[in-house]
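What follows is a set of notes on a single structure, which appears directly below.
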């Protein structure tokens, strides 16, 4: 039997042992990356609000019903201390309220809720909810708002879901970046102009993280589509060796246009690392100035 459920509907549920005794509450869920619709592998539990997080394998549960989450006999003895695993994604900590890239629409969205599918005793991540319904559901206002809009306008707020297979999580720090590099390949399928639009929407840290993951050819094509001010900020966060590799993917006149906007010291350091033939072409183009138009 298939059953759809939102993360907000199960987060905070009590977790009971096989005898019905309360063990903890569900704080988060871990999923393993690598599949189009990844499976929940682990429950993240917390006994009290200030207590340390604990872990228990999803297979130790009896399933998913309306009420508390019940464990199999002996499962409570196999609960262990929380450990960070770079191969996993935490739904609450890493996704909820975070920005993600919708690669199908080439835009940035905010995760308001997470849509899960329970089938054959497996719980899978299938959609992210970026609509108002997701936010209202988490606040506990959805039923009231639905009743009000139905009574006043005969209208219901629409669902706004995106399939997980089109989602690119973002990470702003080096520890998290290792975790999401598995899915960075989705971004490489976008046209450079679409990638440029996405990068312009992001904050500096996320923008830099994605740009550094691109191969030199894609980075060069994308850089030429980006606002000049953002171009400069991206190059400032890029090593000189990599920046030169990116410039070598450009035509000489394109490389010249880009270098012309850089501070003189930065420009010279980048040009030293360029292929000799490209460097000579660029130097000639940079020296060239149009003669002033003769007065008539």
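In degrees from 0 to 90, rounded to the nearest 10, what is the angle of the helix 276-287 Cα long axis to the longest principal axis of the chain?
Tilt of helix 276-287: around 70 degrees.
Just want to confirm a number: the relative contact order over the chain, from Cα pairs under 8 angstrom separated by 6+ residues, in percent.
Once divided by the residue count of the chain, the mean separation gives 13 percent.
What is the angle, in °, between the Cα long axis of helix 204-213 and the longest principal axis of the Cα atoms in the chain? Nearest 10 is fine, range 0 to 90.
80 degrees
Can you tell me the orientation of helix 142-153 relative to the chain, as the angle in degrees between its alpha-carbon axis and the longest Cα principal axis, to the nearest 10?
Value to nearest ten degrees: 80.
So for segment 41-137, averaging the separation of alpha carbon pairs under 8 Å that are six or more residues apart and normalising by length, what relative contact order in percent results?
That works out to 16 percent.
For n ≥ 4 DSSP H runs only, could you compute -39500 (n - 2.57) per run for the chain, divide by its residues and tell me the 222 nm figure to the nearest 500?
It lands at -10000 deg cm²/dmol.
Sorted from fewest to most neighbouring beta carbons within 10 Å, what does the list 30, 70 look like?
70, 30
Which one, 108, 44, 145, has the greatest fluctuation when you compute a Gaussian network model over the chain with C-alpha springs under 10 angstrom?
Greatest mean-square fluctuation among the candidates belongs to 145.
As a footprinting exposure proxy, order 271, 250 by other Cβ within 10 Å, with the fewest listed first.
The order, fewest Cβ neighbours first, is 271, 250.
Grab the alpha carbons of segment 190-287, take their convex hull, and tell me the volume per residue in Å³.
Per residue, the Cα convex hull of segment 190-287 comes to 85 Å³.
Cα centroids of segment 41-110 and segment 190-231: how far apart, whole angstrom?
32 Å
For the chain, set up a Gaussian network in which alpha carbons nearer than 10 Å are linked by springs, and say which option among 209, 41, 277 fluctuates the most.
Among 209, 41, 277, the largest GNM mean-square fluctuation belongs to 277.
Please state the Cα pair-distance histogram of the chain with 5 angstrom bins from zero: what percent is in each bin?
Each 5 Å bin holds this share of Cα pairs: 1, 5, 10, 12, 13, 11, 10, 9, 7, 6, 5, 4, 3, 2, 1, 1, 0, 0, 0, 0.
Picking from 264, 221, 14, which is most flexible by a Gaussian network model of the chain using Cα springs under 10 Å?
264
Restricting the count to DSSP beta bridges whose residues both fall in the chain, what percent are antiparallel, rounded to a multiple of 5?
Bridges in the chain that DSSP calls antiparallel: roughly 95 percent.
Using the number of other C-beta atoms within 10 angstrom as an exposure proxy, rank 58, 151 with the fewest first.
With the fewest neighbours first, 58, 151 line up as 151, 58.
Any read-out appearing in this document is the output of simple, stated calculations on the displayed coordinates, not a laboratory observation. The structure displayed is predicted, hence computed values, not measured ones. Ideal geometry is used to build each Cβ from the backbone, glycine not excepted, and the neighbour counts take in all protein chains shown.
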